[in-house]
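Novice: Please read through the structure below; I'll follow up with questions.
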Amino acid sequence: MESVVPPQITAELTQILSNLILGDNDIRASAEIAVNERLTHTPDLYLLALAQFAITADTEVMRSFSLVLLRRLLFRPAPVLTANNGGPPAPGSDIHQQLQQQQHHLQQQQQQHIPSHATHANRSSLYDHLSHQTLNTLERLLLFSLAHERAGSVRRKTVDTVCDVANQGMARGRPWHALQAQAFSMTHAQGLGGEEGSGGVGGGAVPGWMLRESAYRVFAGCPSLVMDLQIDAVLGVFQRGLQDPEDIEVRHAALLASVAFLSSADATQLAQSISLLSPMLDTLPALSNALSHPPLHAPLPPPTTSSSTYTYAPSRPKTSNYHYLSTFLSTLTPLASTHPILFAPHLQTLLTFLPSLILPPVDCGPTPTVGRPFPVGGGGKVNGNGNGRQGAFLFPPVPGGGGGMRLDDDDGDGGEDDDDASHDERSTLRFSALEFMISLSEARPNMVRKVVGWTEVIVRACLEGMGELEEDGDVGEWLREDPSTASSSAETDAPPALYEQSLDRLACAMGGRAILPPAFQYIPSMMASYDWRVRHAGLMAIAAIGEGIGKVMQKELEKIVDLVTPMFNDSHPRVRYAACQCIGQLCTDLEEIIQHRFHRQLFAVLIPALEDPEPRVHAHAASALINFCEGVERDTLLPYLDPIVERLLKLLNPGGDQTQVRRYVQEQAITTLAMVADASEVTFGKHYPTIMPLLLNVLRNAEGPDYRKLRVKAMECAGLIAIAVGPDVFRPDSKTLVELLMHIQQGPHDPNDNQVGHYLIATWAKVCQALGPEFEPYLALVMPSLLATAGAKADLSLYNDEDEYSDERDGWETIVMDGQTLVPMLLACGKQSGTLTNQMVATVFHQLITCINTEHDATFLASLYKYFSESLRVIGGPEALSQQFHEAVMEATKRQLHSMADRRKARAARVNGTGGPMSMSMGMGDYDRDEMALVEEIEDFALEDMGKMLMCFDPNHPLLVAVAGVRDLGFNTYDSDEDGEEE
């Protein structure tokens, strides 16, 4: 291909690119500066040179690097151009005059072809500064690379760059018809297609399968290329790729393209494209049946020798069919989540081979021989986890579960490294197939619920996987581990934990009537297994499904409690740990119900568990007690208060060798004591003389980063106990606690401690609540810190313990404040003492209004309105609020009402099936009403608190009509058929 830029530019760019990839930081930095200078002055020349270098460079590395750099530079913010738009070479250089003349000539040509979009004032990227002529040349160079590049790794970079240019161009109203035509032509390529390449692109013809694969990857990366074409023609091209007889990579690329097309199609196009799903899904059984066969790939052409000095033949890495099948399933999974109805006619067919992928094989162990009549152990590859276990439990075969190869079929007898890689691939395949099935189940539970065996096989697969913990002959490592450190998070990423999460998701999606029968077909036998891992899995399974099937589980709660409580005496510590986890989770999922009905049975196992010989177990028992106390009546707790507190005190201050004390146990003991004190209230006073000195001692001595968590937990506990026992009991220690809090507050700031500030404010609020008017002397010390936090960016959201889902916001630290508002309480104290200033009031209301104006979560919005109303009453009502804040809160309220109305109208349109012809013809209007109704119920709480705030200003406020109007926009169908039947 002839050069499109002067050779001097090419030579200079070659040197710059070579410097960019060097390890020397100074040289690389200079090269980056040079690139920026060239792009500032002559972007057209150097971007075209970069595209040409991606064709002519003689190494794959440099061609790939050129494409990556071109893609990055084209769409980055454009640099500021100089007034004279001079060329990059320094004056006096050998090529300066010649390049200036060439540049001037090029600019004259470009002035006649300036694209209309480039004249816009907001030209955001270099692409927008290029002329039509430059863009045409750039596109021609990329198409040449797409047609002639023979190195697979470079071709992928070409496809990525081509797709970016196509997408960005079409977004600016610039269709790329030549790419559309070339890509369709490439889908027909056979044998050795293309022409002889030049130098860098390999010097030879490109195999047809490479061209076909790239074509479908272009369609996948830029589905808009086919959206305006005749549907039948598009479907024919995609189907031919899905059935490509020569190469599996072509079939995968066609699958990617098909998923992208269906995901981007409108309702009419989608309805006309239903037939495409059959050839898409037909790619799966063929791969499933080929799992034990050699890897599928295209035959390699013989090496070719070009006129240049090297030979090149494309090579394909050995990729197992397990990997291919995992990849195909993962490609389909997003479509299953967004368009589950497309899969409805194919569910029964999918069920003929998917069970064999998600279920582990049953291994009967090694075969006895004359020399070894009693062989020990099984194969190292059982269940894909290499632990030699013979299955979590033995099941009868699943009806209709045949088809495809089992995952224990071997395709070779490689070494140990091959075995490890094979195990990983098989484990990945199991998860890919399971994720596909669960994604479909979550997206459309009513659809899969009708397919006999679908839910049952997923439940069984999850239970099996949860029992596949690594065998630990020495449990000591687990027992020595600190569960509060990041290192223990590896457990949450282990396969058993992932299966547990999958079971939880399935239960939440499918409901109790679908999950409880198949789960408890196996769980009782699991609890009686000889293998501790299976017993552990049974307990964790009950904990996992509790949230999703709580209503149905209530009917069987007595049997479940009888099944779980004996496991607190299990011989294995990890099983006892799982028993604590199970009860703790049930106390949360069935709050008040299980505590009311079975408090005797649960206290009988939880209290002794506080004396378990293993720290991890008795710490987790203390954690489970927190969940229990959150839903227990005070009178129910009181008979058990003494033995609980006595044991918690032993955990907090065990005596003996202090080097053996586990800090995470002390942290948990303090947290549980706080919860017990809060639940038992004034009755806790008898234990106050013992506990408060211990907490004060912790606050005095817990210095350094290792004790950060212990210190803030002690602060929180001291505040809660102060509230529980009342001012008369707390008064003698109040001055000491305040002095310790002030010492912490005024101490050197630790930039790595992001908790102490928030806990300090929360503890001040508790002390204020405990002392009431007696807190007045400390207001002058507390309010500056409070206002500093309130004046900062709104990263502290206020809510109380009645707000749903208040503890499920990722990245937020939740601080329990006993249902009390922080801010209104201190405002009240300040007003009573006469220390409340206008600045304090202004800062607080400014922050609250700012949060109201920007909050998107209805739960937090309700809390903000509640706190605004309470603070308004504290300062004396609306008359005491400045007109500035009056107008600001009304504007924020109008904004929230408009936003909420729009969301409700959109939901109503979806539920009523007015989303277009596709929703009507295929039942796409049948959305998960329960989930949307729950969202609207939470919004109703926000509207209620919003209305109360407005009534503070005027009982007949005009916006109250708008509040009622928004409330009426809801579709109000919260009670679902299934819930009604379950109840």
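Novice: Return the sequence-ordered ³J(HN,Hα) values of the stretch 933-942 in whole Hz as given by the Karplus equation 6.51 cos²θ - 1.76 cosθ + 1.60 applied to θ = phi - 60°, using x for Gly and Pro.
Specialist: 5, 5, 4, 5, 5, 5, 4, 4, 4, 5
Novice: Rounded, prolate or oblate: which one fits the stretch 118-181, using the alpha carbon gyration tensor with axes a ≥ b ≥ c (rounded when a/c is under 1.5, else prolate when a/b beats b/c, else oblate)?
Specialist: prolate
Novice: Follow-up. Counting Lys and Arg as +1 and Asp and Glu as -1, each charge on the Cβ, what is the dipole of the stretch 607-730 about the Cα centre in debye, to the nearest 20?
Specialist: 420
Novice: Something else now. Taking only C-alpha pairs under 8 Å that are 6+ residues apart, what is the relative contact order of the stretch 580-703 in percent?
Specialist: For the stretch 580-703, the relative contact order is 26 percent.
Novice: 5 Å is the cut-off here: which amide hydrogens, built 1.01 Å from N in the peptide plane, fall below it relative to Leu192, excluding neighbours closer than 5 in sequence?
Specialist: Distant-sequence amide H within range of Leu192: Gly208.
Novice: Taking H placed 1.01 Å from N in the peptide plane, check which residues at least 5 places from Ser125 or on another chain put their amide H under 5 Å from its amide H.
Specialist: Result for Ser125 returns Ala78.
Novice: Can you work out the accessible area per residue across the stretch 591-676, with the rest of the protein chains kept in place, probe 1.4 Å, in square angstrom?
Specialist: Result: 42 Å² of accessible area for each residue.
Novice: Ordered by packing density, taken as the mean number of other Cβ atoms within 10 Å over each peptide's residues, highest first, how do 692-700, 955-963, 280-288 rank?
Specialist: 280-288, 692-700, 955-963
Novice: What ranking, highest mean first, results for peptides 5-16, 168-179 when packing means the other Cβ atoms within 10 Å averaged over each residue?
Specialist: Those peptides, ordered most packed to least, come out 5-16, 168-179.
Novice: I would also like to ask the following. Can you flag which of Lys866/Lys894; Lys894/Lys948; Lys551/Lys866; Lys650/Lys713; Lys686/Lys709; Lys766/Lys831 are past 21 Å Cα-Cα?
Specialist: Lys551/Lys866; Lys686/Lys709
The values are calculated or read from the model by the stated rules, or taken from the named source; none is laboratory data. Predicted model, so just to flag it, every value in this text is computed and none were measured. Positions of Cβ are backbone-derived with ideal geometry, glycine not excepted, and every protein chain shown enters the neighbour counts. In case anyone asks, the SASA skips ligands and DNA or RNA and just uses the protein heavy atoms, side chains included. Shrake-Rupley method; radii C 1.70, N 1.55, O 1.52, S 1.80 Å.
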